[in-house]
Each structure stands twice: as structure tokens, then as C-alpha cells.
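Asker: Pasting a structure below so you can have a look.
The values are calculated or read from the model by the stated rules, or taken from the named source; none is laboratory data. Not measured: the values here are computed from a predicted model. Using ideal geometry, Cβ is built from the backbone for each residue, glycine included, and neighbour counts are taken over all protein chains shown.
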Amino acid sequence: MTKSLRVLDKLPELMKNPKFAAAWEETKEEFAIAREIIRSRTAAGISQKDLAEKIGTTQSTIARLESGAHTPSVSTLRRVAEATHTKLRISLVPAGDESQGPHIS
């Protein structure tokens, strides 16, 4: 049986590559948004198709949002929050304050 690997499981090893580390730093906020959309949808117990119907879009659009391939507008994030019974909160923190990390909840 083949065990599937998640990218995050290999992150420490991948971060040793300077090109990968630079790309990761450049896109970590987008992936944080994608993770929060997935987290809120699964916590609400709804499928991508259900979420799409609730916010007036397609399942393929939700899949792109959850993959990090597309960055949603604040308006879309508000609709996702409403559909998943969550509250949208976006934080800006001082530069260099890595203790907060990307934070979209």
C-alpha cells in the first residue's frame, strides 16, 4: 500500500532549497487563505459543491480557491464566512512579527 505524502510533511526538507524557500515565502498568505476556506467548509460539514451553491459560484471555483491557485476577493471571503457560519477576520501585523504568521480566520 502506497502512503500519500503531504507537502507540509516534507516542508522542512523542501525549505533547504533556496528557490523553494523564496517561492514559499512569497505565497504563504495565499495558502493560509486556502487552508482557512477548507477548514471552515469541512467544519461546517459541507462539500465544495454545497459551498459553491451557497455563495453563487461553481464547484470548480471552490476547488481553485482551496488549491491556492486563485486568491479570493474580500467579498468572496465574506460569502464563504456566511455560508460556513464563521466570521471573517483579517489581521495586519508589524513587519517581521513572525509570531503571528499569516492570519486569516
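Asker: On the basis of being touching a helix residue (DSSP H, G or I) at 6+ places or on another chain (Cβ under 7 Å) and part of a helix (DSSP H, G or I), does residue 31 make the cut?
Answerer: So residue 31 does not fit the description; no.
Asker: Would it be correct to say that residue 23 is at negative phi, crowded, with 18+ Cβ neighbours inside 10 Å and free of Cβ contacts under 8 Å to residues at least 24 places away in the same chain?
Answerer: When the stated conditions are applied, residue 23 does not pass them.
Asker: How many residues, within the range 1-26, are part of a helix (DSSP H, G or I) and at pLDDT 85 or above?
Answerer: The total comes to 9.
Asker: Additional query: Can you spot a residue in the range 60-72 that is crowded, with 18+ Cβ neighbours inside 10 Å and in contact with a strand residue (DSSP E or B) (Cβ under 7 Å, 6 or more places away or on another chain)?
Answerer: No, the range 60-72 has no match at all.
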